[in-house]
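Encoded as structure tokens, the structure appears first; notes follow it.
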Amino acid sequence: MYIIAGLGNPTSRYDKTRHNVGFEVIDCLAKKYGIDVDTKKHKALIGKGMIASEKVLLVKPQTFMNLSGESIREITDYYKADESDLIVIYDDISLNVGQIRIRAKGSAGGHNGIKNIIQHMGTQNFWRIKVGIGEKPAHRDLADYVLGHFQGEEKEIMQEAFANAADAAAVMISEGIDTAMNRFNRVK
């Protein structure tokens, strides 16, 4: 079983913010594959289903971004999964708005949600789908920026990015990470 976790912050206050792109991608996967992500368990909203003939668990941690590792670790322990079964989807300020970047492993790169997952899992070796939200403007505070909403044409670009990231997760599961990287890691 693959565990696909989209990172974000719970409550309507953070709905549709830059930091919640992981939740948006999970919503795209849920809609596309008919999976209800509505069961509260393991400090998360989860939904079980199938993608490309593989069992999947779609996950939206409800611990707030910086404590995502608590939920992810609880889920991997419960399902006796390891890092090779985990795909984490999250925002990245170092990528252009809407750009997708897939990685097999790596550091947290300054992302506190990923830092917490690495801390709780004890490894950096899990698959990731980064979704670009654009670089923070020089005059803005980072927290204000990532907790802000997409503006103007960014909204359309991001809708396409959410769909692309969802497709990337399906390709990772069905055809492997190398194929997914070759197909989706292109500069926008």
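Read-outs: derived from the displayed coordinates by stated rules, not from any lab. None of the values given here were measured: they were computed from a predicted structure. Neighbour counts run over all protein chains shown; Cβ positions are idealised from the backbone, glycine included.
Data overview
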item: Mean Cβ neighbour count within 10 Å, used as a protection proxy, ranking 84-93, 48-57 highest first; result: 84-93, 48-57
item: For the chain, calculated [θ]222 nm from helices alone, where every DSSP H run of n ≥ 4 adds -39500 (n - 2.57); result: -11500 deg cm²/dmol
item: The stretch 36-145: radius of gyration over Cα atoms, expressed as a fraction of 2.2 N^0.38 Å; result: 1.11
item: Rounded if a/c under 1.5, otherwise prolate or oblate - the chain, Cα gyration tensor axes; result: rounded
item: Radius 10 Å from Cβ of Lys43, net charge of other residues (Lys, Arg +1; Asp, Glu -1); result: +1
item: Above-threshold pairs, the threshold being 30 Å between Cα atoms, out of Lys55/Lys136; Lys16/Lys105; Lys40/Lys136; Lys80/Lys105; Lys48/Lys130; result: Lys55/Lys136; Lys40/Lys136
item: Pairwise centroid distance, computed over Cα atoms, of the stretch 1-70 with the stretch 85-105, Å; result: 15
item: Taking the stretch 87-142 and dividing mean pair separation by its residue count, relative contact order in percent (alpha carbons under 8 Å, at least six apart); result: 57
item: Mean separation of Cα contacts under 8 Å (6+ apart) over length of the stretch 39-97, as relative contact order %; result: 23
item: For the stretch 90-188: rounded, prolate or oblate by the Cα gyration tensor [a/c cutoff 1.5]; result: oblate
item: Cβ-derived FRET efficiency at R0 25 Å, Arg183 paired with Ser84, nearest 0.05; result: 0.75
